[in-house]
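Below: one structure, written as structure tokens.
Derivation of every value follows stated rules applied to the coordinates shown; laboratory data play no part. All values reported here derive from a predicted model rather than from experimental measurement. Here the Cβ is made from the backbone with ideal geometry for all residues, glycine too, and neighbour counts use every protein chain on show.
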Amino acid sequence: MEPITYAQATGLLSWTWLLIALPAAGAAVLLLTGRRADKWGHWVGVATIGAAFALALGMFASLAGLDDKSAATDLFTIISVGEVHIEASLLFDPLSAVFCLLITGVGFLIHLYAVGYMAHDEGRRKFFGYFNLFAAAMLVLVLGGNYFMTFIGWEGVGLASYLLISFWQMKPAAATAGKKAFLTNRVADVGFLLAMFLMVSTIGSLDFANVFNGAEGLSDGTSLALGLLLLAAACGKSGQWPFQTWLPDAMEGPTPVSALIHAATMVTAGVYLIARSHVIFSLNENVQTAVVVVGALTLLFGAIVGCAKDDIKRVLAWSTVSQIGYMFLAVGLGGAAFALGIIHLLAHGFFKAGLFLGSGSVMHAMNDQTDIRRFGGLWKVMPLTYATFAAGWLAIIGLFPFSGYFSKDPIIAAAFAREGWQGWVTGGAALLGAALTAFYMTRLFILTFHGPKRWTEDVHPHESPAIMTGPLVLLGLGSLAAGGLMATPVTDWLVPVFGEQHEAHGHLTHMQVTIATTAVVVLGAVLAWFLFRNGTEEAPHAAAWPVRVARADLGGEAVNRGLFERPGRLAANASVAVDGRGVDGVVNGLSAAVGGSSRRLLALQTGFVRSYALSILSGAVIVVAALMVVVIQ
Amino acid sequence: MNDPLWLMLIKGVLVFVVLVLLVLFTIWYERRVVAVMQVRPGPNRNGPFGLLQSLADGLKLAFKEDTMPRTADKVIFIAAPVIAVTCAFTAFAVIPFGPEVSMFGQSTELQLTDFEVSVLVILACSALGVYGIVLAGWSSGSAYSLLGALRAAAQVISYEIALGLAVLAVFFQSQLMSTSDIVEAQAEGIPLDLGGFELTLPGWYFLILAPSFVIFVIAMVGETNRAPFDLPEAESELVAGFATEYSSLKYASFFLAEYVNMVTMSALCVTLFLGGWAAPFPTSWWPAANEGWLPLVWFFGKVLAFLFFYVWLRGTLPRLRYDQFMRLGWKVLVPVSLVWLLVLAALNIGLDAGNDTPTRIAFAGGAAIVVMALIFFWPSRKPYEPPTEPDTGLGGFPVPPLDLVVPPSPRGLTELEPSETAAATAERAPAPEGGPERREREPFSGSPASPKTKKEE
Amino acid sequence: MIVDLAQSVDLAQSAGVGEAIAFWILAPIALGGAIGLVLARSAIHAALMLALTMICLAVFYIMQSAPFLGFVQIMVYTGAIMMLFLFVLMLFGRDSRDSMFETLRGQRFLAICLGIGLAALLASGLAHAVAGLTIAEGGPPTAEGAGGDSNVAAVAESLFTTYVFPFEVMSGVLTVAAVGALMFAHVARKGQAHGQKQASRERFAPGNYPGPLPGPGVFATSDSTATPALLPDGTVEQQSLSEYVPPRQLTAAETAPKQTEGRDE
Amino acid sequence: MMSPEHYLILAAALFTIGAVGVLVRRNAIVVFMCVELMLNAGNLTLVTFARTTGTIDGQVMAFFVMAVAAAEVVIGLAIIMAIYRSRRSASVDDANLLKA
């Protein structure tokens, strides 16, 4: 493999730092000015992110005109210790470019939406401040030119996510959800840290170029460890199995947060990390298998739980888990599927943001109720929301010619293309996932918008204001069209990053896969329509065991409790006992001994500073005299 | 400075004579100017326009009886005025009066002495001059003196910091500490390159270092114990402050020191900020303006303008209270100076064409942000009071408060109102009828015969 | 004074004679100041003696091609630090004379013995170590500054390159010290602060006499504020009694002439 | 011509006088001033050695010593003030609570 190099940035591209600085400045203004900015603060947030979007567009255009298709900038040195030099370097290459566009573009729309959504919230200024902080951190993550910068952004988005999930911290559920997200992420981030340590100790650098060029020389064990550690980090941030539990709880945050952070951007950071580190992941067959397993497992996991949930945002959250599972599957398959994962990520960014914002609009109309069993028949009162939600629905289940078809079908095909029995297993899982997706999304859609009205009495639904529906319409259009428009260009665009790849041919041809997928999707959707066209009962009811298990998140919480919480408590109690008996005993014994002997020396203490000073001086004289004796001899 | 010894002696004597004459003149000048401001003639008997008045006063003071309190510490009592006067005169040695001239066939500069760190001499002298005041107050053995001395010491030390920080900006900008070099550095304009747009700023530092100049002028008045900062000798509180027990020539020495200090500080300000002896306009208007002996005119003209400023302050402003004065020094002048120095440093980096563009933008922008943030966050006097009224809901429609305390019925209020006014009118003079609301009378807000009532609209 | 000393810098650079003269004049003064510091009974005199020594040392610095340090010594040490000492001494009151009686047995004797021993050791050690050392060739250490070769620029360059970390630590130490001193010396205000507006209102409140209280008056035996004013009939004017100063009538012995009038003769 | 020894011996003498002063004086402020004298003597050696070696480091060190001394004096005097306020005495012998 020829060595990877990044060209130095020139012209407009040398302003990459501004892309980060704009939202960061917005956040600084919003968070520092305090109450004074309450009146106009949110517009600052919208303006900075809008400006960043414009800048990203311009930079995208100038990157397209370059031959090298990469632009690196070194800002300053962060750490320089011995051989290791860590620069604050930024890298703008095709991969970062699409992420930047997604973050700033979708981010801009959601900001706009949030102006309306948060209009009556007292903390709106703070909200936009955190929002901008998130955008800045996310941009650092994707623009970082080495793993250290990525890590800074990684932790930054973690922080912003924590602040935003627990934004309504007076709700105990929100506060707990924030803490849960934070802790789960920290556990997974240990993987990132260890991976960085490993890189520094084996390769001696954290720069992307150096790491990728040096990765070939690594031993099998090292590359396996590196891959698994990075995978752990990615799983944590993206809510993949076994770290998936925080993501659905994160829906306690305001809906724009769920849309931007926990559906469209931050949770895709794991996909980005794997795509960015594709060199490392391609090195070792076992790592790839691990990624595929995680992806397949998670996509099924999310889809199954999604079928059983009744909270509109939670269904979408589990659907996010499942869709990111698809992306992991894709990037785990490697080769041409890297680009497929990114395409699905972009398409998902649009339709999931649209769906979330749509759900926000519904909640807005329904007095913040989230239980889909109490919705129904909303399509008449909220035509715009209905239409955009429908667009998102069509996109996510992946019917031709909508977005999901172009992004998900190739992944399923690629999954079948894996060699031997693994191909059948992964392909089957992906196919089953598609069917389940169609089922639960249709269920959600029908229960929300169709069927009889099951509203509670105090609810008077109404369409949301224009500032909220505007972004919805744009995102809806994007959901419908994005996949089809992007499929081929994005693959070509990403060639400089992933290299020229040839589509592998596997057990089934693409056409066969398409037919099979369409069949199961239609089957799932029709089944859901049959079951739920007349609504559903409102009270929780006794159900068969699969449903119960799915309602309990497939035992994810129970596993956490059994595996971590209980042993943790036991270990803490044990160490308290050891500390109390053993350590304290030794310390007390020592102190008793010292105390006894010091009582004898007490007599020397007269309390007069000057006699102490006298002894100091005599000591000094003795030292000087000794020195003289030594030196002169 | 390679003058022969005789020339140095001559210059030393000249500086001394000039200072003494300036002091005599300044006292007369002050009395006349204040008199004009107060629309009265002022001293006009001795000599033309009363010019000899201060000489006569000085002589009279010198011939008065010299007393010394019994409780005084004699050595220090005598040494204190000597220290004060010595330090005051010494400081003037490094002030440049003019460019190189020919004196008795010897080419020399119009400055007694000059070296690398000569501005520090002035600061050191003013630091030592405090000894005179403090020792005078302590050695007198009187409460007024001691209090005056304590005040003076605290005042001079506090304002020395602000003064030093203001001077620091000049050091910073010129990268020089020599008085004559600083004057020369101001002669040239400062080229500025703003992204290809070039312009030349005037070289006198009072423009580009305007905040420092303002702080210097304020601190200078505090440093010389002049009105409105003349707290050490606040007549109404401390008789004559640290000089209460002094009389005759010793008392005159303190007076002399104070006026010499005024002149020195004015001269220092002129040197550091107003171009020293340079002609006050673009030098091109008259090429010979900055040569030979002529700059003496500009120099003393500027110094006299400053002395006028001193007198003007005295004639206009009331004396500050001590805590206000200290607050001004420590909480306004010093922080502002510090921030201004930071901003200046950032601006210097930001405007230096040698650095690359992002750095320049970052530093200049950072400076701008700091300034804006300061203006924005400047602590306001009023502490923030959270609104006491319960939230009235959307659009101002009254809604029940969250804690569910039922407000008193508005009907009940209207019923209460007339009886209250009736009680009030019975007690006081008859009020206009139907006044629905009556404000509580504040003390001293008016006579009780005409209570303030809110007009009905 | 300082001008002459400053001039001696040039002299010292041109010929060592000037420096020698200055040294032999100032060194005894510095030593005398130091000895005076130890022997002076009044703390103020001790402080002045120390200030004298410090100024001498400042001149030594200037002579030894460290003009910046010399003036900093005058400004910081003599001007600020010693002034702080004086300030605190004045806060303690005027009669802070020390009793020179030694209470610790053998302390003074041992101290002097040890001092002499230390001086002897240091002197001989220095003589041994410095023997053969001379003043470095090539003049004083300088660096290129805005005004040519300059000692200030050299100090600055060293401070901000080699010693930048100690410099930053130093700034931290100074800040902590200032805050710590504030905390130590701070005394919480007792009761509510009395604003100017409130004081004025109270002053003009009914039942209070707004004008200044009367002074001792023409019939008083003394013009001290502690002396109450006497009305023509010999009774005490109640309003002249101060709230804070206990009233005091001078005795006949105190009112008698004190024989200080002819003191100067 | 001056040799550095003169300055160094003067510094040694000043240092010793300061040390003895610390031992024999009881007024806390005078003791403190004697400490300052010792610091000054140290500074004089530093400046002299800077001149001997022809480098600037000694002067910078002296500069740091001055800064430390300033910090020390501020804190020390504050402590003395606090003690004086509570005990009405500035004698170091009176502050002997820490005895056995």
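Mean partner shielding of peptide A:613-624, defined as the number of other chain Cβ atoms within 10 Å of each residue Cβ, is 5.
Given an 8 Å cut-off on Cα distances and at least 6 residues of separation, report the relative contact order of the stretch A:343-394 as a percent. Provide the component values of the computation, followed by the final result.
Details: 22 pairs, mean separation 27.7, N = 52.
Value for the stretch A:343-394: 53 percent.
Computed from the C-beta positions of A:Val459 and B:Val339 and an R0 of 56 Å, the FRET efficiency is 0.50 to the nearest 0.05. Two decimals is fine: what is log10 I(q)/I(0) at q = 0.08, 0.09 Å⁻¹ for the stretch B:66-320, from a Debye sum with one equal scatterer on every Cα and no solvent? Treating every Cα as an identical point scatterer, log10 I(q)/I(0) equals -0.35, -0.44. The string of couplings for the stretch A:415-431 from the Karplus curve (6.51, -1.76, 1.60, θ = phi - 60°) is 5, 5, 6, 5, 6, x, 5, 4, x, 5, 5, 5, x, x, 4, 4, 5 Hz, one whole number per residue in order, with x for Gly and Pro. As a rough footprinting exposure proxy, the listed residues D:Arg87, D:Arg26 were ranked by other beta carbons within 10 Å of their own, and the order from fewest upward is D:Arg87, D:Arg26. Counting Cβ atoms of other protein chains within 10 Å of each residue's Cβ and taking the mean over peptide C:152-162 gives 4.
Two numbers describe the Cα atoms of the stretch D:1-94: Rg and Dmax, which are 16.0, 55 Å.
In this model, which of A:Lys309/A:Lys352; A:Lys126/A:Lys313; A:Lys39/A:Lys126; A:Lys180/A:Lys408; B:Lys74/B:Lys250; B:Lys250/B:Lys302 are farther than 19 Å apart at the alpha-carbon? Kindly include the intermediate steps, with their values, before the conclusion.
Working: A:Lys309/A:Lys352 17 Å; A:Lys126/A:Lys313 23 Å; A:Lys39/A:Lys126 12 Å; A:Lys180/A:Lys408 31 Å; B:Lys74/B:Lys250 13 Å; B:Lys250/B:Lys302 31 Å.
Long pairs (Cα-Cα over 19 Å): A:Lys126/A:Lys313; A:Lys180/A:Lys408; B:Lys250/B:Lys302.
With contacts taken as Cα pairs under 8 Å at a separation of at least 6 residues, the stretch D:4-87 carries a relative contact order of 27 percent. Picking from D:Tyr84, D:Gly54, D:Leu23, whose Cα lies most toward the positive end of the charge dipole for the stretch D:4-87 (charges on Cβ: Lys, Arg +1; Asp, Glu -1)? Towards the positive end, the residue furthest out is D:Tyr84. Here's the picture: charge each Lys and Arg Cβ at +1 and each Asp and Glu Cβ at -1 in the protein assembly as shown, and of A:Ala626, A:Ala391, A:Pro452 the one pushed furthest to the positive end of that dipole is A:Pro452. So for chain A, taking the charge dipole from beta-carbon charges (+1 Lys/Arg, -1 Asp/Glu), which of A:Phe134, A:Ile103, A:Val495 sits furthest toward the positive end? The residue sitting most towards the positive pole is A:Phe134.
Between C:Ala131 and C:Val164, what's the calculated FRET efficiency when r is the beta-carbon distance and R0 is 41 Å? Round to 0.05. Can you show the working numbers first?
Values: r = 36 Å, r/R0 = 0.87.
So, using R0 = 41 Å, E works out to roughly 0.70.
Calculate the spin-label point distance for B:Val214 paired with A:Leu570, positioning each point 7 Å from the Cα along the beta-carbon direction, and give it in nanometres. The two pseudo-label positions are separated by 7.1 nm. Per-residue 3J(HN,Hα) values for the stretch A:561-572, derived from phi via the Karplus relation 6.51 cos²θ - 1.76 cosθ + 1.60 with θ = phi - 60°, read 5, x, 7, 10, 5, 5, x, x, 4, 4, 4, 4 Hz in sequence order (x marks Gly and Pro). Panel note: the C-alpha atoms of the stretch A:184-280, placed on their principal axes, show extents of 46, 22, 16 Å (largest first). 3J(HN,Hα) couplings calculated from phi for the stretch A:622-627 with the Karplus curve 6.51 cos²θ - 1.76 cosθ + 1.60 (θ = phi - 60°) are, in sequence order, 4, 4, 4, 4, 4, 4 Hz; Gly and Pro show x. In chain A, excluding the sites themselves, the longest stretch lacking any of the GluC sites (Glu not before Pro) that are in a DSSP loop with at most 14 other Cβ atoms within 10 Å is A:217-418. A simple charge model with +1 on the Cβ of Lys and Arg, -1 on the Cβ of Asp and Glu and nothing else charged puts the dipole of the stretch B:66-320 at about 780 debye relative to its Cα centre.
When ranked by the protection proxy of mean other Cβ atoms within 10 Å per residue, highest first, what sequence do the peptides A:289-297, A:191-199, A:272-280 form? Before the final figure, lay out each step's value.
Details: A:289-297: 22.4, A:191-199: 19.6, A:272-280: 24.1.
Highest mean packing first, the order is A:272-280, A:289-297, A:191-199.
Using every pair of separate Cα atoms, the Kirkwood estimate puts the hydrodynamic radius of chain A at 26.3 angstrom. Taking amide H atoms as placed 1.01 Å from N in the peptide plane, the amide H of A:Gly144 lies under 5 Å from those of A:Leu91, each 5 or more residues away in sequence or on another chain.
Its alpha carbons considered, the stretch A:312-461 gives a radius of gyration followed by a Dmax of 16.9, 58 Å.
In this structure, the amide hydrogen of C:Leu230, modeled 1.01 Å from its nitrogen in the peptide plane, lies closer than 5 angstrom to those of C:Phe219, C:Ala220, C:Glu237, counting only residues at least 5 positions away or on a different chain.
Using a cutoff of 8 angstrom between alpha carbon atoms and counting only pairs six or more residues apart, the relative contact order for the stretch B:321-380 works out to 27 percent.
Here each label is just a point 7 Å from Cα along the line to Cβ, and for A:Val81 and B:Thr71 those points are 6.6 nm apart.
Projected label points at A:Ser618 and A:Val425, each 7 Å from Cα along the beta carbon direction, are separated by 8.4 nanometres.
Shown here is the pair-distance distribution of the protein assembly as shown: with all Cα-Cα distances grouped in 10 Å bins from zero up to the longest one, the shares run 1, 6, 11, 13, 13, 12, 13, 12, 9, 6, 2, 1, 0, 0 percent. Measuring spread by the Cα atoms of the stretch B:321-380 yields a radius of gyration and Dmax of 14.9, 50 Å. Amide H contacts of D:Ser91 (H built 1.01 Å from N, in plane; Pro and chain starts excluded): D:Ala28 sit under 5 Å, all sequence-distant by 5 or more or on other chains. Shown is the FRET efficiency for B:Leu168 and A:Ala61, computed with R0 = 56 Å from the Cβ-Cβ distance and rounded to the nearest 0.05: 0.70.
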